[in-house]
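Each remark here refers to the structure printed beneath this line.
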Amino acid sequence: MIWLTWRQFRGSAAMMAALLVLLAVALALTGPGLAADYSAGIAACTQDNTCDRFYDQFLGGHDTEFMALTLVVLLLPALAGLFWGAPLITRELEAGTHLLVWNQSITRGRWLAVKLALTGLTAMAFAGLCGLMVTWWSDPLDKSAAEGLALMAPLVFGARGIAPMGYAAFAFVLGITVGMLVRRTLPAMALTLAVFAAIQLAMPLLVRPHLMSPVTATFELGRTNVDNLNIPQDGGALPRVSLNSAVPGHLGSWVLANNLLDPSGRLIPASGEGAAIKVSTTSGPCAPSAGPGEGCIVEINRLGYRQQATYQPLERFWPFQWMETGIYALFTLGLTLLSFRWIRRRLS
Amino acid sequence: MTSVLQAQGLGRKYGKRWALRECTIDIPAGHVVGLVGPNGAGKTTLLKLASGQLEPSAGGITVLGGRPAGGPAQLAKVGFVAQDTPVYAGLSIADHLRLGARLNPRWDATMARERIARLGLDPTQRAGKLSGGQRAQLALTVGLAKRPELLILDEPVASLDPLARREFLQGLMEATVEHKFSVVLSSHLVSDLERVCDFLIVLVDSRVQVAGEVDKLMATHHRLTGPRRDPDRLPADQHVVSARHTDRQSTYVIRTDAPIHDPAWTVTQLSLEDLVLAYMDKHTADRRVALEVQR
């Protein structure tokens, strides 16, 4: 049975492996240079305290590769489900070959066990390797990224560490299960993709923020967390502050809620009448004549305005990775049991 | 003599429709059994139940004393060649033989190799490029080399041309003589089965109409032709299979163990095909009556 599985699977496995080797070579060649640039840049910026600017420039210079690699790792599990999982049984049903292979001296359970284990482990290995390679390569970039691209943020988190392995296992078994229920390849592929995408969206929206209770803290306003300071030029009106989804000193964190507090600790709404900062704009550092800059923020800060952020700090990256992978492993296990029951009872 | 297949009140439902019902048969070992009936009569359902591809909705079935597909040992005893003889299009003939060798403990590699060579097939050829007849032969080879005690074939020759049919059935017959195993094969054409079967099951409209050894069936079925007469005026031991009447004449096909002495009848021998058609005809006649009554 192992031979048969390998014989039917070797084509696509070899193609996948070849692509992975290409990726590995490309990453191995460029990775050390990227890391060297990063250390050189950090060494230079810590002297004159301009690291915020360095991070922006460094990430900006590599954002295409960064996004492309992240996307590859996010897509790989879906591909495993679509092209390896869904057709595993539907292909046999459509060609009628299930009647050939399930009438050899081997039970369907055994057939499925070998197919599932061999193909599934390969899919997991590929996705896991790819994830870890990209994690290694993009480490300097991850250290520079904040806000939406922060390491803990939904987009990047799922493309780093060991989570891709869990996603691949789940997507693969999901494909098999959907294939058993739908029994036709194309609809099974479409449904697998839809269900997998829905779960991948639901996870960061509904589950992941609550894996550990998030930290809520207040921070002084500064370059990191102030996105924009809007001082009306016509005089008289009060300035407004909009915040970044970032917290000072905790780069890479995932900010879940972000608010501005006034000096008495009350929430300032994001827009409308109450959003204004009560600071003099006719004289002092916030007057239009003082020019744009740090001065006004320092003044607002001095008055007692603060950022209140609820966030998942970067230190929780690995605990979250393990938990997320564990959750997907449980899903995978459940679907595997279901598919074994189904193949014994229902399918013919 | 032991049974290869025993069914008691066997039935299988798809949704609300019974594809097979109240099937009670006992097939003794050592026969080539023909399962004949029109399309959609439930032949494939019965064969899938026997091979364990389907679970019964009612009743029970044992094949060679075991539950169909009950485990690797049971699977090893029963060979199955499915309708349209499916094979893996991407695998070569040699790959198929290797598949058989890997998945079957009693695989007869020599026989498989020799059979492929005798058929003049190139082992390196992909199965997807074979003709229908060659593909059927490959599927049969995989089924035979498994060395089953019972080989089930579902409409194996349905898509073959007459020459390929003859070759296929001939190959099957040679193998049964050489290796002594039982065969159940289905067809909707009696002519396919006539030459090879010594046991016949007629399945019409999801019910078994008659089952028995061909010799015995031939000896107990007769066609009676004579002056018009109602069926209830026939002797009690003569079971009417089909009846046709014109204004003056009646033609009956009857089943009886007793000799027929009534001088009014002209008794003629039925061919196997006539016999099967009589059972199918009886059924369609019933349905015609039912339709007329409904109107």
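Using alpha-carbon pairs under 8 Å, 6+ residues apart, how would you state the relative contact order of chain B in percent?
For chain B, the relative contact order is 19 percent.
May I ask for the distance between the Cα centers of segment A:107-137 and segment B:74-145, given as a whole number of Å?
30
Which cross-chain or sequence-distant (5 or more) residues have an amide H under 5 Å from the amide H of residue A:245, H modelled 1.01 Å from N in plane?
none
Report, as an integer, the average count of C-beta atoms from other chains found within 10 Å of each Cβ along A:102-115.
Mean number of neighbouring Cβ atoms from other chains: 5.
Given springs between every Cα pair under 10 Å in a Gaussian network model of chain B, which of B:263, B:28, B:72 has the largest fluctuation?
In this elastic network of chain B, the residue with the biggest mean-square fluctuation among B:263, B:28, B:72 is B:263.
Please state, to two decimals, what the Cα-based radius of gyration of the protein assembly as shown comes to when divided by 2.2 N^0.38 Å (N = residues).
In units of the globular-protein estimate, the protein assembly as shown measures up at 1.48.
Tell me, what HN-Hα J-couplings in whole Hz come from the Karplus equation 6.51 cos²θ - 1.76 cosθ + 1.60 at θ = phi - 60° for each residue of segment A:121-131, using x for Gly and Pro?
Working through the residues one at a time gives 5, 4, 4, 5, 4, 4, 5, x, 4, 4, x Hz.
Convert each backbone phi in segment A:276-287 into a coupling constant with the Karplus relation 6.51 cos²θ - 1.76 cosθ + 1.60 (shift: θ = phi - 60°), then list the ³J(HN,Hα) values in order as whole Hz, x for Gly and Pro.
Residue by residue, segment A:276-287 yields 6, 8, 8, 9, 5, 10, 9, 9, x, x, 9, 5 Hz.
Using packing as a proxy for protection, rank A:90-100, A:32-42 so that the peptide with the highest average count of other Cβ atoms within 10 Å comes first.
Listed from highest to lowest mean packing, they are A:90-100, A:32-42.
Using the Cα centre of the protein assembly as shown as origin and beta-carbon charges of +1 (Lys, Arg) and -1 (Asp, Glu), tell me which of A:224, B:82, A:29 is placed farthest towards the positive end of the dipole.
Towards the positive end, the residue furthest out is B:82.
How many percent of the accessible area of the protein assembly as shown is carbon or sulfur, using a 1.4 Å probe?
Carbon with sulfur: 57 percent of the solvent-accessible area.
As a quick test, which of the pairs A:115/B:13; B:43/B:216; B:77/B:216; A:143/A:278 have an alpha carbon distance above 27 angstrom in this structure?
Beyond 27 Å between Cα atoms: A:115/B:13; B:77/B:216; A:143/A:278.
Counting DSSP beta bridges in chain B, what percent are antiparallel, to the nearest 5?
If we restrict to bridges inside chain B, about 70 percent are antiparallel.
Restricting to Cα pairs below 8 Å that are 6+ residues apart, what does the relative contact order work out to for chain A? Please round to a whole percent.
21
Hey, got the average number of other protein chain Cβ atoms within 10 angstrom for residues in B:49-59?
The shielding value for this peptide is 2.
What shape does segment A:215-314 have by the C-alpha gyration tensor, where a ≥ b ≥ c are the square roots of the eigenvalues, rounded means a/c under 1.5, and otherwise prolate means a/b greater than b/c and oblate the rest?
prolate
Provide a whole-number value for the mean count of partner chain Cβ atoms within 10 Å of the Cβ atoms in peptide B:74-80.
The mean count of partner-chain Cβ atoms within 10 Å per residue comes to 3.
Dividing the convex hull volume of the alpha carbon atoms of chain B by its residue count, what do you get in Å³ per residue?
Cα-based convex hull of chain B, divided per residue, equals 159 Å³.
About its Cα centre, what dipole magnitude does the protein assembly as shown give when the only charges are +1 on Lys and Arg Cβ and -1 on Asp and Glu Cβ, stated in debye to the nearest 20?
Here the protein assembly as shown has a charge dipole of around 1760 debye.
Could you tell me whether chain A comes out rounded, prolate or oblate from its Cα gyration tensor? Rule is a ≥ b ≥ c as square roots of the eigenvalues, rounded for a/c under 1.5, then prolate if a/b exceeds b/c, otherwise oblate.
Cα axes put chain A in the prolate bin.
In whole Hz, what ³J(HN,Hα) sequence does segment B:195-211 give by Karplus (6.51, -1.76, 1.60; θ = phi - 60°), x for Gly and Pro?
These are the phi-based 3J(HN,Hα) values: 6, 10, 8, 10, 8, 10, 10, 9, 10, 10, 6, 6, 10, 6, 8, 7, 8 Hz.
In Å³ and rounded to a whole number, note down the convex hull volume per residue for the Cα atoms of segment B:136-217.
Hull volume normalised by residue count: 103 Å³.
Anyone know which of B:127, B:136, B:219 comes out most mobile in the 10 Å Cα GNM of chain B?
The residue that fluctuates most here is B:219.
The values are calculated or read from the model by the stated rules, or taken from the named source; none is laboratory data. Just so it is clear, the model here is predicted, and its values are computed rather than measured. Using ideal geometry, Cβ is built from the backbone for each residue, glycine included, and neighbour counts are taken over all protein chains shown. Areas reflect the complete protein model, heavy atoms only, side chains present, ligands, DNA and RNA absent. Shrake-Rupley method; radii C 1.70, N 1.55, O 1.52, S 1.80 Å.
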